[in-house]
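Asks: Mind having a look at this structure? Questions to follow.
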Amino acid sequence: MSWIQIDDRDRTRYLTIDRPERRNAIPPGGWADLKEAFDAFEWSNQRVLVVAGSGEDFCSGADLDPERGFGSSGVVDGRDRMKVVAAAAIALHRLTKPTVAAVRGVAVGAGMNLALGCDVVLAAPSARFSEIFVRRGLTLDFGGSWLLPRIVGLQRAKELALTGRIVGAEEALSLGLVMEVVEDRELDGRVAELAADLAAGAPIAQMLSKQALDRSNELSFEEAVAWEGQSQAIAMSTSDAAEGVTSFLKKRAPDFSGR
């Protein structure tokens, strides 16, 4: 995985797509590598994953150069290739630990959905997002059809998907595609600050909260409250819950162990 750089800093793992000469496009055989990297993070002791791109861009989606292997010999071949893409998207979605996307420059196609698949998106003013698939005669992938309407609403999702237009950083902020727009020189520091805050959280509580929020559109209110009750029963039985109460009473910062 020479095109993926992994760097552990304290309790945060940085995953950097390192193909700046291709605007950090994912190579045709790279989706399995991406899934492997997500799985490795899940089983690691690192508590937060930051996804970024090398150089001036985040990710321009799939590498569309036929000479590098893009394309298929038919529907069956294309379906088989897309199973690998889907596996990477599912691996990201199923991560039980917090994820942050740090976006500079282009985040288009699968690159946009890679960013949206993270729990929080921070962007520099240079960030540009597009569900560019339709402009290439393609349809949404890497979870875009599920992610986009949940973030921006169905009507706006259709507009973005059916036009493939470019969305700048400030509009992305107004639409809720990103949480913050941070000046380029400050982006790395803000990402590190947020990652540290997330890493200081209680891992089991974070896992249960992520699961509840990701399912919120699929459950009735009654089902959501029942889910909360089951999750809270699990959380209350952990050592971290005891630590949370103890640290509160002693007026000190908690030291969560994930147990």
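Asks: Tell me, what % of the accessible area of segment 83-233 is carbon and sulfur with a 1.4 angstrom probe?
Replies: Ligands and nucleic acids excluded, carbon and sulfur give 56 percent.
Asks: If you take every DSSP beta bridge fully contained in the chain, what fraction is antiparallel? Give it as a percent rounded to 5.
Replies: 30 percent
Asks: Sticking with this one: With a cut-off of 8 Å between alpha carbons and a minimum separation of six or more residues, what is the relative contact order of segment 134-259 in percent?
Replies: It rounds to 18 percent for segment 134-259.
Asks: Sticking with this one: Once you keep just the Cα pairs under 8 angstrom separated by 6 or more residues, what percentage relative contact order results for segment 198-259?
Replies: 44 percent
Asks: Same structure, new question: Could you sort 115-122, 77-84 so that the peptide with the highest average Cβ count within 10 Å comes first and the rest follow in order?
Replies: 115-122, 77-84
Asks: Here's something else I'd like to know. At a 10 angstrom cut-off on C-beta neighbours, averaged per residue, how do the peptides 203-214, 102-113 rank from highest to lowest?
Replies: Answer by packing, highest mean first, reads 102-113, 203-214.
Asks: A further question on this structure: To make sure I understand the rule: partners must be lysines, Cα under 18 Å from the Cα of Lys210, and not fewer than 8 residues away in the same chain. Which ones qualify?
Replies: Result set, ordered by chain and number: Lys97.
Asks: Something else: Which is farthest toward the positive dipole end of the chain among Ser54, Leu64, Thr163, measuring Cα position about the Cα centre, with Cβ charges +1 (Lys, Arg) and -1 (Asp, Glu)?
Replies: About the Cα centre, the residue reaching furthest to the positive side is Thr163.
Asks: Using +1 on the beta carbon of Lys and Arg, -1 on that of Asp and Glu, and nothing else charged, what's the dipole of segment 1-151 about the Cα centre, debye to 20?
Replies: 380 debye
Asks: Also, quick follow-up: Per residue, how much accessible area does the chain have with a 1.4 Å probe, in Å²?
Replies: 52 Å²
Asks: Contour minus end-to-end for Ile151 and Glu186, with contour as 0.36 nm per residue of separation and end-to-end as the Cα-Cα distance?
Replies: 10.1 nm
Asks: 5 Å is the cut-off here: which amide hydrogens, built 1.01 Å from N in the peptide plane, fall below it relative to Arg128, excluding neighbours closer than 5 in sequence?
Replies: Gly105, Val106, Ala107
Asks: Still on this structure, please answer the following. Please work out the ratio of the alpha-carbon Rg of segment 67-207 to 2.2 N^0.38 Å and round it to two decimals.
Replies: 1.11
Asks: I've got another one for you. Per residue of the chain, what 222 nm ellipticity follows from adding -39500 (n - 2.57) for every DSSP H run with n ≥ 4, rounded to the nearest 500?
Replies: When only DSSP H runs of four or more count, the value is -14500 deg cm²/dmol.
Asks: Quote the relative contact order of the chain in percent (integer), defining contacts as alpha-carbon pairs under 8 Å separated by 6+ residues.
Replies: Computed value for the chain: 16 percent relative contact order.
Asks: For segment 108-239, give the magnitude of the charge dipole about the Cα centre (Cβ charges: +1 Lys/Arg, -1 Asp/Glu; no others), in debye to the nearest 20.
Replies: Dipole of segment 108-239, to the nearest 20 debye: 520 debye.
Asks: How long, wide and thick is the chain, going by the Cα atoms along their three principal axes, in whole angstroms, largest first?
Replies: That works out to 61, 42, 34 Å along the principal axes.
Asks: Using a Gaussian network for the chain with springs between C-alpha atoms less than 10 Å apart, which of these wobbles most: Ser60, Ser216, Ser130?
Replies: Ser216
Asks: While we're here: Mind checking which lysines have their Cα closer than 19 Å to the Cα of Lys83? Skip sequence neighbours fewer than 8 apart in that chain.
Replies: Reachable lysines: Lys35.
Asks: Taking the Cα centroid of segment 186-224 and of segment 90-137, what is the distance between the two, rounded to the nearest whole Å?
Replies: What the calculation gives is 17 Å, centre to centre.
Asks: Now a separate question. Considering only protein heavy atoms and a probe of 1.4 Å, how much of the accessible area of segment 6-60 is carbon and sulfur, as a whole percent?
Replies: 42 percent
Asks: Report the charge-dipole magnitude of the chain in Debye, nearest 20, computed about the Cα centre from +1 at each Lys and Arg Cβ and -1 at each Asp and Glu Cβ.
Replies: The calculation lands at about 220 debye.
The values are calculated or read from the model by the stated rules, or taken from the named source; none is laboratory data. Because the structure is a prediction, the values reported are computed rather than measured. Counting neighbours? That spans all protein chains shown, and the Cβs are built from the backbone with ideal geometry, glycine included. Each accessible area value is taken on the protein alone, full model and side chains, heavy atoms only, with ligands, DNA and RNA left out. Shrake-Rupley method; radii C 1.70, N 1.55, O 1.52, S 1.80 Å.
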